């Protein structure tokens, strides 16, 4: 990872937001030039908010059609000239391929895809247990899939129509290169969007692969404020059919905001969070009484299918499996990996993604996709998740459920290998690691250079939504309040080394940190 400037002990780097009609007079309008510079807000009148109230799936038609047309062609010539197709997924266009380290360079298509998203108070009943309060994006769970091509500009207009809550949208794993502030974290990169207001997020798709977006305000995403992201690009293994995103998530009948309060109280007494009540697969599930419905997928016999797995849970680490079909893992989060074949159950930590390929080579029929809470990761759920995968030409019907128990391995992540690597200066690491105190000091310890030891769960960060950390940076004000827990990196553009250490009494945390921006 390249570390530029880093703010906040939770490793939140900076990204950029511009917003329209949402800022009180005298505040700064960040990212007005789409490059992270700051100008004073001009007085504007609020235009009709209804412009941002409908989905704009049609707005990506040109982008989607481009991806579709390129995937229908096949070429086996050199990367510099070949096009992306079922037999040449390593290729892309204009000399870019899966061999391209997108942290070093990326295409710029000149194309813009635009989405209009609106969050509303409503009710939902995703598993037949009865309607409960939900916050939904464009009235659906999960929210619309944001689709773009590698190198496209993505513009998302978010209208907050919640009655009594601010909000913000975070684009999980997106590298906000030259778009400081679009990361969508209240108190760090922006002030929350007030009720009735709209904010525009603009960023470039410098990476390719699979991710998700969600509210980064309170516990809203546990009540439905989530969606998925697909950035079309090359892949490390060939496939015929892209089945798209397939999120799995824990679900709470007692509402995630209430569960959050209970969890905070429990943690003070070394008690675990409450169990989830169910696991949803692609926004659907059946409750323990059998009501509800399962998400469905159609398979084509003999074809290789790509499936984009995402754990969008609040608390549960989840193991997944497709009966009768082994997975080949080709990407972990946004990183293309060396194909890892023969995988049955896969462990997905919260926020984690795996892109997998499998061949529809079994007897045509119906097969369960399974999702189970990972108990060895101290995750608890009162039910399980299922989805139905049916071969084309076969009537969809639920097969007999074997109720196969998932394996346990001490909550250990899959050992994937990046397709490309970056040379890290090992000499600085070897020299500086000796200068770092590795005792049991709380919080974060640094050696004053490029090395930091972070003891998880020992230091709290408290930010002010009225004055985000990023505003201090733009103002050149280094008098950060102590509760902001700011860590300053001494030199821009240099490698920084982080040693992450769990406390002895803490439960295992697979995939323990997420780098913002």
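Structural remarks
- Segment 276-391: C-alpha gyration tensor shape, a/c 1.5 cut-off, then a/b vs b/c: oblate
- Inter-centroid distance (Cα atoms) of segment 131-159 relative to segment 90-124, Å: 14
- Full extension of the chain between residue 404 and residue 105 yields a length gain of 103.2 nm, computed as 0.36 nm times the residue separation minus the alpha carbon distance.
- For the pair residue 478 and residue 461, the difference between a 0.36 nm per residue extended length and the Cα-Cα distance amounts to 4.4 nm.
- Label point at residue 296 placed 7 Å out along Cα→Cβ; residues across segment 397-430 whose backbone nitrogen lies under 11 Å: 397-398
- Take each peptide in 287-298, 374-385, 106-117, count the other Cβ atoms within 10 Å of every residue, and average; sorted highest first, the result is 374-385, 106-117, 287-298.
- Distance between modelled label sites at residue 262 and residue 163, nm, 7 Å Cα→Cβ extension: 2.3
- Computing FRET efficiency as 1/(1 + (r/R0)^6) for residue 412 and residue 133, where r is the C-beta to C-beta distance and R0 is 41 Å, gives about 0.65.
- Rounded if a/c under 1.5, otherwise prolate or oblate - segment 179-330, Cα gyration tensor axes: oblate
Each value in this text was obtained by applying a stated rule to the coordinates, not by laboratory testing. Computed from a predicted model, the values in this text were never measured in an experiment. Note that each Cβ is placed from the backbone with ideal geometry, even for glycine, and that neighbours are counted across all protein chains shown.
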